[in-house]
Structure formats: structure tokens, C-alpha cells
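Before any comments, here is the structure.
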Amino acid sequence: MMDELRNEIEEVKRSFADELGHVQSHQDIALLREKYFSRKKGIVTGFFDRLKTIETGRRPQAGKLVNGLRAFISERLAAAEAPLAARTPPRGRWTDCTLPLSELPLGHLHPLNFVRSQIEELFQQLGYEIADGPEIESEFHNFDALNFLPEHPARDEQDTFFVADFPDLILRTHTSPVQIRYMMAHRPPIRIIAPGKVFRKDNPDATHTPVFHQIEGLLVDRGVTFSHLKGTLEHFVRRYFGPGIRTRFRPSYFPFTEPSAETDISCFICPGDDPDCRICKGKGWLEIGGSGMVHPQVLRNCGIDPARYSGFAFGMGIERMTIIKYGVPDLRMLYDNDLRIIEQLG
Amino acid sequence: MRIDTVFLKQMINYEGSGTELAEWLPTIGIEIEAVHGSDRGVLEFEITPNRPDWLSHYGVAREIAAKERSLVFTPLDLPEFIMAKKPLPFRVVIEDPADCARYSGAIILDIKVKPSPPWLRNLIERLGLRPINNVVDISNLVMFTCGHPLHIFDLQILEKKEIRIRRAKTNEKLVLLDGQEVILGPDQLVIADGRKPVALAGIMGGQASGVTDATTTIFIESAHFHPPVIRRSCRALGLKTDASYRFERGMDVENTITAMRLAVKWLAEDQGKPLELAFFQDRYPRPWKPQVVRLEKGFADALTGIAMDPRSSIEILQRLGFGVKQRGGHWEVSTPSFRVDVTGPADLVEEIIRIHGYEHLDAELPPQAGTAIVPNRERELEMTIGQHLVAHGFYEVINYVFQAPEENRPFQLESADVRLKNPLGRDFSTMKAALLPGLLRNCRHNVDQNVKRIMLFEIGKVFSRNQAVQEKRNLALAVTGEYLHRDWRQPEAPFDFHHFRGLLDALFRHLRWPVEWLASKHPFFDPACCLAVTAGGKPAGHVGRIASGHALAVGLEQGVYAGEFDLEQLSANSVQRSFRMWNRFPVSRRDFSFLMDKTISYLQLQRQIDGLRPESLENHELLDVYEGKGIPAEKISLAMSFTYRGRDKTLSGEEVNEIHGRFIARLAEQLGLIQR
């Protein structure tokens, strides 16, 4: 009885050794393991099951034999696995890990929205909220409340699109009406930026499109000064264009601010003497936007007492920022939505 | 406007070069556009609408002297008028002083009209004008020097010895200096003689009364006109001249005599003899009174944020021409006649700080706000959508807000279009009702550039009207071409509708927006491939294959899959995160292969499954769709797998078999399915 078992076990060992010799891959080892150790049909498992049929007295000895078989097979399987990792791949399956990768699609934000979100983030860090307003506006919010007197040439400087059948409605020419709406609905302190599309009747050319984007800021509180405005704009230029860029803050005019200012930054390509400079055309300075202390009449129009509060407002063209920062030669490329430019800059 | 720095030096002791001045003038608010002349001595600039007083050498000289304390502005020497012993009978009549606050007229007999002397021709050219003759050129030079436009008539043409400033009568005609005939009406202010209009006041003179080589006697006009009247006429007639540009913005009513005297002085020098005025009258029905602005002490410091020496501030205002009276806690500042723009204390602060120098301002950030900012949810949503789509391969596009009327037609189903009164052109005349036509054009543009994979999205406003104009924000997406390019690992994978739906579904799941997809028809999409999307039971948009008619209309032959959604509708029902314990009992899977009539859509099968679904049916998947060999022509073969899991106990194999068997039997019965 015991001899029979011993012979069977030896036979299995010989058979296994033979099979082990043909093993070429991890797959082969797994299959072998399954063959010998699977719960239902494994050969070694079968031997363990048969132990139950052996008379109790003989069981310890039989058990030792079966355990020996288990150890024999499992150790050799483990040993066979290690070298496989180091062996060259089996014949017929050549690989080269330096072959080209399969590119997956990756998209981009539109450069104008990308620039807009960078500027928004800068001002959000200073505590500004983002405010919004309608693109179709009333003449009141767009001009009258902002101190553009009727018949004044200043209204002409902005060629306006008028809406048919609605005599008081226009497409807004700047995002300043958002500031008016916000001031009329909130008490100071007010700290907002208003980004969005604006519209002027300009024939499209390299530096003008009839639809473009502005971002305007407004801060109204007690004791706000012109120096605070200058400081805020210088801070913005440092953060957005880098510490090496100089700023120039000079007098200007807008109907809705007094005093008013324009901010220029130093050209980062030429020192100001190259008439062919594609960015500044030899002026050495680039205008980035207007600003000023909110005109007392505008505050009054919004129900804010200019004797108690003061504020500043500033605005920038997002297209202009994009052109300055990235050197886009023709604005219309941003509206053709050529994927090549969106990919480069978005 | 041009300034000749050589000429300027006649009125101010400035020693520097034109180039230096060009660097320096922007710091007080005059932005230099260009520098002309071989000596780079001619500076060109645009004025801001509030400073018409800069449209003259006098104005600029005054500004320079205000800034530089060592410089003095000295207006040119003006001799007194020489009146003729026997004045000519003539009269000047202003019908309405509201239109014309002052009119000075003078007559000089015995003038020889000839080409200007070289110095004058040269100066006129440097100032950007064409020399015409001595009289016209001197008139222009007066305007550039002291800022006030004159007009000079040939006296011979003036009838009835009268100049009358009046409104035109309806249908009165006038041929202008440039040859144009204009039809006038009561909105136009004219200079007329006793019989007919001879000039459009403040804008342009008539051809008949213009100065020519044959002129020997002249009438000089120096007047002030009400800006809105001039402006309205210019708009109505489509005219714009150097004179009207100045009158529109408001001239200095106290300057008219100075201008007249300058003209007479230069004419006399040109003619080589002193000139008598055969007639002179100054009608001044509305004398100017200075405006007084109250400036509180400390206001300038408070507004600028820096401490300025009050004495220097007063000095600055005085050098600019303001009169300052100290009154205890404030100053009374009276405005000069050439400053039409100063009406309040903030204007005075601007004058002070502008001359003092913006470089003296501190540059500090205002103190940080004490309150937390309110996040802009719409913007955050846009950013999340944008970042998700970008990560999935989409490029964002931005299109114009208007398009051609026919591009709106498939979309304006319940409302009407919003149109522009003065569009750039027909293709830009209608506010868009949908974003997709723009994306379709973008697809075409990029297909032309040989781009093989095009995945676009746009978030933007769309417009419609019922009683009032409405704006709402939409999200639109479009894909065309191949999703994956062919390479050594895989063949190319062109986009198809189911893949596009998968991309949309990924977005909806990321944002936690539950939606339903329903079979639908929409004029923009192929009737065989169009679904409506609803959120919270309300319509939120449509998706599908763009109808080939619309694609071909923009020159696209390949299929484009697209969708457009109302963002507010789509996002209104987003699901909050919350914990729900998952079922831990084991699953059992059963497969079911069957034939179904092609007339039944998968959506209908889905509905039946949902309707008949046993409680323990957790999930189902479509594994295979097959038609062709061995399948009857009117049928389609489907293989599905169903996953069962007990709610509160483990289901045995027999139990699952029973549930599954009953379920598919009823399903088959409802839809006429034949099991395979």
C-alpha cells in the first residue's frame, strides 16, 4: 500500500520534472501550478484528498510522502520563475520599448480665455470678486450713468452697434456697465473685476475686431486714493509681466474717472529705439490700459455718496494683453479659431 | 494736431529739442503719436475730448510753462486795430444767442491775394496742411497758433451789407467750398448775407464767397458757436473739418478778438503796410462768466494719497490760468475761459497732480478686504467644464456674437431673432441664437488646414426675443475626423455618434448632472441621428450628426457630430455627494442572445427593460450587435448580459435562473424577441 503510493509519487515527480523542462514563460508556470495545485482537479490536491481513505495508523507516514511531493513541486516552480524574468523573450515575440508612443488627444483653452483666467486669478488673490452683466445693454448703463454727456464727442469715439426695434438697447462698448449695475445693487466696500465680451463697430484688421474682450476692475471704499490705484496696477504688471518690466503712469481722460491715467509698460524686446520693433514700433512703451478715480458724478448716479466714499476703476483689453505677452501678429487669427494658434497659446 | 517746436519758441523760452519735448509731454497728459520733419521738430498728437484748448501752440506753451517753472509763456505781440476814418455801413445780426454767443466781424478793403511767402508756406506744410494763398494760410495759422478758427469771405459776394447768423430755412441750398451741394434745414446754423446762406457756421464756407486770386476785399469772421448745434449738423451732413472739430468740443469765447488781431497783424506784414479795418463789430450777447469751484483743503491729499504743499498746489493752478482765493478751510478757484472741462473739485485735483507729476504718487496696495469674497459660481462652472473638456481632447473656440440670419433659422423655433440696426454687413447682422453654426465654420477652416482630429467646444451667450431681449449661456461641442490616428499599433479610429455621446456622458458624470436621452428631430441634425437631452425633465439641448445640407453649405463633406446645450438648464439639478452603502452580496451573470425587429430602437428596448425590471436586476450590458449572415433581413441580433444581486440575501443559482427566466420571457413577449 505504502509502496504503491511511493511509486505513484515518484512517477508524478518524474512527469513534473519533464514538464518543467519545457517551461518557457510565466504563463507556462501558471498552467503547471494550476495542474498540480488547483482545488478541484490539482494532482497534488488529489493526493491530499486520498489521505482520508488511508487507515488512520498509516496516515502520518502517507502524509509525509504527500507533503514531500508538494514541497518538491512548489519549490521547483518558484525557482523556475526567477530566471524567467531575466531570460530573453520567447522566440516570435520581439519588442522594442523605444518605439513611438500612441498620442492621446489633449485639448486647450482658447488663448483669450486662458489669459483672462490668469488675470482673474491675480485679482482674486487681492480679494476681488468676479461680476458679470448682459452683453446687450441699455444706453443708460453704458453711457449716461458713466458721465458720457449726450451729444459729447466722447460718445463718438466708441462706434456703437444699435439693436433694431429696441431704441434704447446697444451692444455694450465696454464692461463698465457691469460696474454701474454692481454699484447700484451693493453698498461699499466694493471690490470687483468684470471680464467679458465688448463690441465696437470696427472693421476687422490686424489690431481690431468688432468683438473683443475687456477686464475692468472697481474698488470703492472709504479713503481709497490715486496712490492705491497706481500701486495696484504696478503690482499687476510685476506679477503678470515679471519684475524686470518698468511702468509709466501718465495723465489721460475718461468721462467716468477724474483724475484719469494710462499705464504703459516698457517694451521687452527693444529699449525703445527700433522703429521696426514689432511690439512697440520704436516708442519703447506699450499701452496696457486706462484707469482713474471714479468720477463723483458716477458715484452719485449709483447712489453712493462721494463725500464718504472714493474709488478707482481700471480696464485692460485682453486681446491686447495676449498680443503683448505672446506676440500674436494679427488679432483675426484668434477669431479664425485656427487650432494651431489655440494649441500654441491656450 | 501738430506743433512746430521752432514756431513754438516764439512764444516760450524753451531751449530743448523736439525729441526731448516728445518724451516729456506725455507726463502731463499729451500723448505724442509721431515726430515729423528732418529736424524732428514737428510733434503730432491726438487730444482727449476734454482739452480742446490743446489744439493750439498757445495751449501747449501754456501747459509747458505750467510744468516748468523756469519757462514763461509769452503770447505774440498784438498791435491795436487801426480803424478807418469813415467806416463802411454794415451790420452783424445774431438771431439767437443760444446758437452763437459771440460774433466779431471785420472788413479790410484793398487786399492783394497771392501765394504765401516762403516762411509761411513752410510752416503751413510742417503743420500738415497744403498752402493755398496768403489769406487762407494766415487764417489757418491763426487757428493753429491761438486755437480759434476764423473764416474769411470775399466781401464782393456778400449782399445787402449784412451778415446774419441764423438757422437755415427748409430746403435752402448751399454749395460748399469742396464743391458739394447741401440741402439745409432748421437744424443747421448758417452764416447768411442779406439774401442767402454763405457758409455753414463753424463748419465750412460756401464756394461762392471763398477767397480767390480775384478777391480784393475781405470780411473776417471770428465767432463762437454752441457745440451741440455744430455737432448735430456735422452728423447730419456727414462733414468734418478742422474748424468743426474745434467748435464741437467748445472754443474759448474770450479768444475771438485775439484771433482777429493775429490775423490782421500777419496780413499787414504780408501786405507790407498797416491795414485799416473799414468795419469792425463785436456782437457779444452772452458774456462769459468764470465758473467758481470750491476746493476743500485736504481734499487733494485725500484723493491722491500723498501730502502736497498747498502753496505749490495753488501756484500750479495759477500757472494754468485759474484764479485762487483762500477762504479759511477751502479755496475758491475760478476757471479760465479756455477750460470748458473743469466743473468740480476732482477736476482741480487732476490739474494739480498732473503738473506736480504722477511719478510723485506712492504706489501701495489698498489694505486687504476684511470680508471673504463671494465666489462666482457660473465662472467656476465654466472653468470646471473647460478643464474637463481640455483634458479629454477638446479645443476651445471663441466666435463672434453675430452671424447671418439664415444661420439662426434652424434654431429660432419659438422666439424671434435679435437684429442689429447698423451691422458691419449682412453676415454679421443677427445676434446668434445658437453657437453651432460658428463651430461648423471653425471645423471647415481647420479641415482646410488638413487637421485630422477636430474636437471643439464653446461656451457663450445666445440671444432671442419675445417681448424683451433675452440672453442665455450655452455650451456647444462638435467633433469631426478621426479620434485616433493610424500608427504602428492601431488603425485610425474615426469619430462616430456613440463615441461622441460617450464624451458628453463623461462630462455629465464628472459634473454630476443627471440627464435623459430621448429620440428627437431637430432641423439642424440628420433625422436618422438626433437625440434630445433633458435635465430634470426639462429640455436642455440636442445632439446628433449635423444634417449634411448644413455641413455642405459651409463646404464640409465629412460627418460632424455636435451638440448644443442650455447651461443653466443642464446644471440646474446637479446631484450632491452623499454616502450610500453598496450591496455586498455576490453577483450572478446571465446572458441572453436574441433577434429583434429592426424597427424597434434600443431606446425602446431599454424602456421595456426598465419597466419590467426585477428588483434584483442590478445591471445590464449590450455585448454584441450583429446583422447579416444567418440573420433574417428585417431582424438584428443582440447579445446582452444581465447581472443579478440579492437585496438582502445571497441568491442561489436556481433563484437567479427563475428570476432571469421569467424576466426575459416577459421581455420577449412584449417586444416579439426570438431567443437564440
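Every number here is computed from the coordinates shown, using simple stated rules; none is lab data. The structure displayed is predicted, hence computed values, not measured ones. Here Cβ is always computed from backbone atoms with ideal geometry, including for glycine, and neighbour counts include all displayed protein chains.
Can you go through B:E33, B:E23, B:E15 and tell me which one is part of a helix (DSSP H, G or I) and loosely packed, with under 15 Cβ neighbours inside 10 Å?
B:E23
Note down all Cβ pairs under 7 Å where the first residue falls in the stretch B:476-501 and is within 12 Å of chain A (Cβ to nearest Cβ) and closer than 13 Å to A:E103 by Cβ, the second is of a type outside the set (D, E) and part of a helix (DSSP H, G or I), and they're at least six residues apart or on different chains.
Hits for this filter: B:Y483/B:H499.
Any idea which of A:P188, A:P167, A:P195 is in contact with a Phe, Trp or Tyr (Cβ under 8 Å, 6 or more places away or on another chain), over 16 Å from B:E471 (Cα atoms) and within 12 Å of chain B (Cβ to nearest Cβ)?
A:P188
Output the residue which, of all residues in the stretch B:36-68 that are crowded, with 16+ Cβ neighbours inside 10 Å and charged (D, E, K, R), is nearest to the other protein chains (Cβ to nearest Cβ).
Among them, the one singled out is B:R51.
Say whether the condition of being among the polar types (S, T, N, Q) and in a helix (DSSP H, G or I) is met by at least one residue in the stretch A:188-203.
no
Pull up the stretch A:215-226, narrow it to residues that are buried (at least 21 other Cβ atoms within 10 Å of the Cβ) and at the interface with chain B (Cβ under 10 Å from one of its Cβ atoms), then point me to the one that is nearest to the chain's Cα centre (by Cα).
In this case the residue turns out to be A:L219.
Quickly run through the stretch B:195-235 and pick out the residues that are surrounded by fewer than 24 Cβ atoms within 10 Å (Cβ to Cβ), of a type outside the set (K, R) and within 14 Å of chain A (Cβ to nearest Cβ).
Matches in the stretch B:195-235: B:H226, B:P227, B:P228, B:V229, B:C234.
Can you say whether B:I3 is buried (at least 20 other Cβ atoms within 10 Å of the Cβ) and touching a helix residue (DSSP H, G or I) at 6+ places or on another chain (Cβ under 7 Å), as far as the supplied structure shows?
The answer is yes for B:I3.
Mind telling me which of the residues A:P271, A:P306, A:P329 ends up being surrounded by fewer than 21 Cβ atoms within 10 Å (Cβ to Cβ) and under 29 Å from A:F114 (Cβ atoms)?
After ruling out the rest, the residue left standing is A:P329.
Buried (at least 21 other Cβ atoms within 10 Å of the Cβ) and over 30 Å from A:I192 (Cβ atoms): does that describe B:N422?
The answer is no for B:N422.
With the structure loaded, tell me whether B:R426 is more than 9 Å from chain A (Cβ to nearest Cβ), within 16 Å of B:V554 (Cα to Cα) and of a type in the set (D, E, K, R) or whether it fails that test.
Here the answer is no, as B:R426 does not meet what is asked.
Residue under question is B:I230, and the condition is that it be aliphatic (A, V, I, L, M), within 20 Å of B:G147 (Cα to Cα) and not in a loop (DSSP other than H, G, I, E, B); does it hold?
Yes; evaluated as a whole, the condition is true for this residue.
Under the condition of being in contact with a Pro (Cβ under 6 Å, 6 or more places away or on another chain) and part of a strand (DSSP E or B), which residue from the stretch B:294-345 is surrounded by the fewest Cβ atoms within 10 Å (Cβ to Cβ)?
So, considering only residues that are in contact with a Pro (Cβ under 6 Å, 6 or more places away or on another chain) and part of a strand (DSSP E or B), the one surrounded by the fewest Cβ atoms within 10 Å (Cβ to Cβ) is B:S334.
Restricting attention to the stretch A:320-343, report how many residues are in contact (Cβ under 8 Å) with a residue 12 or more places away in the chain, within 14 Å of chain B (Cβ to nearest Cβ) and under 19 Å from the mean Cα position of the chain (by Cα).
6
Is it true that some residue in the stretch B:588-611 is without any contact (Cβ under 8 Å) to a residue 60 or more places away in the chain and over 59 Å from the mean Cα position of the chain (by Cα)?
yes
Take the stretch B:346-363 and flag every residue that is touching a residue at least 40 places away in the same chain (Cβ under 8 Å), assigned to a loop (DSSP other than H, G, I, E, B) and in contact with a helix residue (DSSP H, G or I) (Cβ under 6 Å, 6 or more places away or on another chain).
B:L361, B:D362, listed by residue number.
With the condition kept exactly as written, say whether any residue in the stretch B:58-65 is in a loop (DSSP other than H, G, I, E, B), touching a residue at least 12 places away in the same chain (Cβ under 8 Å) and at negative phi.
Checked against the condition, which is being in a loop (DSSP other than H, G, I, E, B), touching a residue at least 12 places away in the same chain (Cβ under 8 Å) and at negative phi, the stretch B:58-65 yields no hits at all.
Looking at the stretch B:355-386, which of the residues that are polar (S, T, N, Q) and exposed (fewer than 13 other Cβ atoms within 10 Å of the Cβ) is farthest from the other protein chains (Cβ to nearest Cβ)?
B:T371
With B:T48, B:T145 as the choices, which residue is among the hydroxyl-bearing types (S, T, Y), closer than 28 Å to B:L200 by Cβ and part of a loop (DSSP other than H, G, I, E, B)?
Residue meeting the stated conditions: B:T48.
Of the residues A:T225, A:T160, only one is touching a strand residue (DSSP E or B) at 6+ places or on another chain (Cβ under 6 Å), of a type in the set (S, T, Y) and farther than 27 Å from B:N376 by Cβ; which?
Unique residue meeting the criteria: A:T160.
Restricting the search to the stretch B:387-422, which residues are at the interface with chain A (Cβ under 8 Å from one of its Cβ atoms) and of a type in the set (S, T, Y)?
B:Y395, B:Y400
Please determine, by comparing only the residues of the stretch B:439-454 that are crowded, with 23+ Cβ neighbours inside 10 Å and hydrophobic (A, V, I, L, M, F, W, C), which one is farthest from the other protein chains (Cβ to nearest Cβ).
Here the residue is B:L440.
Show the residue pairs that are 6+ apart or on different chains and have beta-carbon atoms under 7 Å apart, the first residue being within the stretch B:236-252 and away from chain A (no Cβ under 14 Å), the second being part of a helix (DSSP H, G or I).
B:D242/B:M143; B:D252/B:D53
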